[in-house]
Amino acid sequence: MKRELKLSLLVFAIGVFMAALDNGIITAALTTLTKSFHVSATWGAWSITVYTLGLAISVPIIGKLSDRYGRKTLFMVEATLFGLGSLFVALSPTFTWFLIARFFQSMGGGGIYIIASSFVLNTFPKEKQGQTLGMLGGMNGIASVLGPNIGSFILGITGSWHWLFLINVPIAALLVLFGAKYIHEKQILTQSRMDWVGVTALSLAMLSMMYGFTNLDGVNFIDSLTSASFLGFFGAGVVLLIFLYFVEKRVEKSSIDPILPTYLFKDNTFRWTLVFAMFSGSIIASIIFVPGFVEQYLGVSSTVSGYWFTPLALASGIGAALGGRLVDKKGSVFTLLIASSLAAIGFLLFPLWVTTKWEMVFASILVGVGFGSMIGAPVNVLATEKAGANKGVALSTTSLARQVGLTLAPTFLAGFIARSYMNIGDVIQSNMKAANIAPAGSGMMQMPAQMDFNSLQASFQHIQDPTVKQVMIDSLHQVAGNGYGGLFTTSAMICAVCIMLASVIGVVRKKQKNHQVNAELNVSK
């Protein structure tokens, strides 16, 4: 690999790590943020939600803009926006200003991984693309899962949430300088007019649909799917997407460059790859529950439970590198089959086998290697196979599909845990009976209004009788295990769906290849 390519890749890799780290870092400071701005936990969660909504708007158009204005230029613009957004977030005087700044920040952070992947696919030789995309995917995956730990570390040292964002400013400034100096690429830029109607329709559609997802309720998930708050915004998004399709069909016949070329969606491989990307986003969402499992089921202190996440993070980085090499040698479909199978086995081990921390480490390593192998190279290679000059658009669309799964799945999966705590009373009574403890004399207290692990644990600490107290705490861990068992079993089923989708993609590609061979034979005759 040439020295200039290595330097370019290094700059992109640092940018990918910085951008992916941010949304994970903030989770460590949610409690501190809500106290600092004197807002409720519900409003505090908007610090993540508003960033997600910003990604929904920026991600679809970044690929097109990079094809139009150049990946080098757009990378520097994105890094600048992210750095300025981070500064504005850190200096926010009010929570309203904070949310606006987070949205502005997401405009910069959303496209760095897409630009970096597009650079690799357009610049690196084909035999090197898999392992290089795997490296970028590894940086993205490691940063995503290590974010909460790094956030806790920075918060512990500085004692201020402001430093979680101020630390981005000098890094972003260096990325702009290094990008200007070291990123070299010969790129043919799109000269036709920009499709601003399409940009507006796509942005509003994604914003409406993503906001609709935030109105779903994990405990009553099925009922919330029929609620007016969800159907209204989701339906508006669908209508806008239909409108966008007809706009793009008309635009393709003019001199305007369409934001979303419809020919991409005529390719069966591309369509099935988008579906796979959405389910892979759900797998990423499953992973964020591992620290909670360690704390609530295995009984590890909340102050160190996040550090047991580290093996999974490291395994995902190794998996990304291995997955990239496997793509180069065996192809994308084979890699997705292996990756999905490993993740499925790992997730199944959680409810069926894991009872100790070290068993959890083994299971999480399998999940990490599987998850890491699938998020980087194979999906990106499949999505851009027939994209031609629109590789950036194909990558953006794939990333958006993954973001849909990542946004939707946490609410659905968290419902398993929330519903399990609602059964705590029945479990306690059963365990009391098994321990020959009479309920009337047990010293049981009234259940807290907030039926979650922390509230229940805090209320049980006031029980005087040590035997009863232990039964109550054991019941709490048992209930947590039931909830997480359902969550991880569902995650394994999602991986099974990914195995089927990878198989379908393999069949579709084989048919397309046979059709192409037959067409070439007919031409030669």
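The values are calculated or read from the model by the stated rules, or taken from the named source; none is laboratory data. No experiment lies behind these values; they were computed from the predicted model shown. Here the Cβ positions follow ideal geometry from the backbone for every residue, glycine too, while neighbour counts run over all protein chains shown. We work out accessible area using only protein heavy atoms, side chains counted, and drop any ligands, DNA or RNA first. Shrake-Rupley method; radii C 1.70, N 1.55, O 1.52, S 1.80 Å.
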Over the stretch 336-387, the set of residues under 14 Å from I494 (Cα atoms) and of a type in the set (A, V, I, L, M, F, W, C) is L336, L337, A339, L342, A343, A344, I345, F347, L348, V367, F371, M374
Filtering the stretch 385-420 down to residues that are open to solvent by 30 Å² or more (accessible area, probe 1.4 Å) and of a type in the set (D, E, K, R) yields E385, K386, K391, R419
List, please: which pairs have Cβ atoms under 6 Å, are six or more places apart or on different chains, and start with a residue in the stretch 216-229 that is touching a residue at least 40 places away in the same chain (Cβ under 8 Å) and closer than 8 Å to T411 by Cβ and end with one that is open to solvent by 30 Å² or more (accessible area, probe 1.4 Å) and β-branched (V, I, T)?
-> L216/T411; G218/T411
Determine if the stretch 434-451 includes at least one residue that is of a type outside the set (V, I, T), under 24 Å from E295 (Cβ atoms), surrounded by 14 or more Cβ atoms within 10 Å (Cβ to Cβ) and at pLDDT 70 or above.
-> no
Wholly within the stretch 84-203, helices (runs of 4 or more DSSP H) carrying at least 3 residues that are buried (at least 19 other Cβ atoms within 10 Å of the Cβ) and over 17 Å from the mean Cα position of the chain (by Cα) = 95-109, 112-123, 126-158, 168-182
Flagged in the stretch 248-291 as under 25 Å from the mean Cα position of the chain (by Cα) and aromatic (F, W, Y), in numbering order, are F265, F270, W272, F276, F279, F289
Check the stretch 27-37 and report whether any residue there is open to solvent by less than 10 Å² (accessible area, probe 1.4 Å), in a helix (DSSP H, G or I), among the β-branched types (V, I, T) and at pLDDT below 80.
-> no
Within the bounds of the stretch 343-353, is there any residue that is among the small types (G, A, S), within 24 Å of T132 (Cα to Cα) and open to solvent by 20 Å² or more (accessible area, probe 1.4 Å)?
-> no
Report yes if L298 is on the phi < 0 side of the Ramachandran plot and part of a loop (DSSP other than H, G, I, E, B), otherwise no.
-> yes
All conditions in (1) in a helix (DSSP H, G or I); (2) touching a residue at least 60 places away in the same chain (Cβ under 8 Å) are true of R271 except (2)
From the list I283, I242, I256, I222, which one is touching a strand residue (DSSP E or B) at 6+ places or on another chain (Cβ under 7 Å), among the β-branched types (V, I, T) and either open to solvent by 20 Å² or more (accessible area, probe 1.4 Å) or closer than 30 Å to K511 by Cα (or both)?
-> I256
Note on I150: of the conditions (1) in contact (Cβ under 8 Å) with a residue 60 or more places away in the chain; (2) β-branched (V, I, T); (3) farther than 26 Å from T80 by Cα, unmet is (3)
Of these, L382, L337, which one is open to solvent by 40 Å² or more (accessible area, probe 1.4 Å) and closer than 25 Å to Q403 by Cβ?
-> L337
If you scan the stretch 312-364, which residues turn out to be outside any helix (DSSP H, G or I) and either in contact with a strand residue (DSSP E or B) (Cβ under 6 Å, 6 or more places away or on another chain) or of a type outside the set (F, W, Y) (or both)?
-> G331, V354, T355, T356
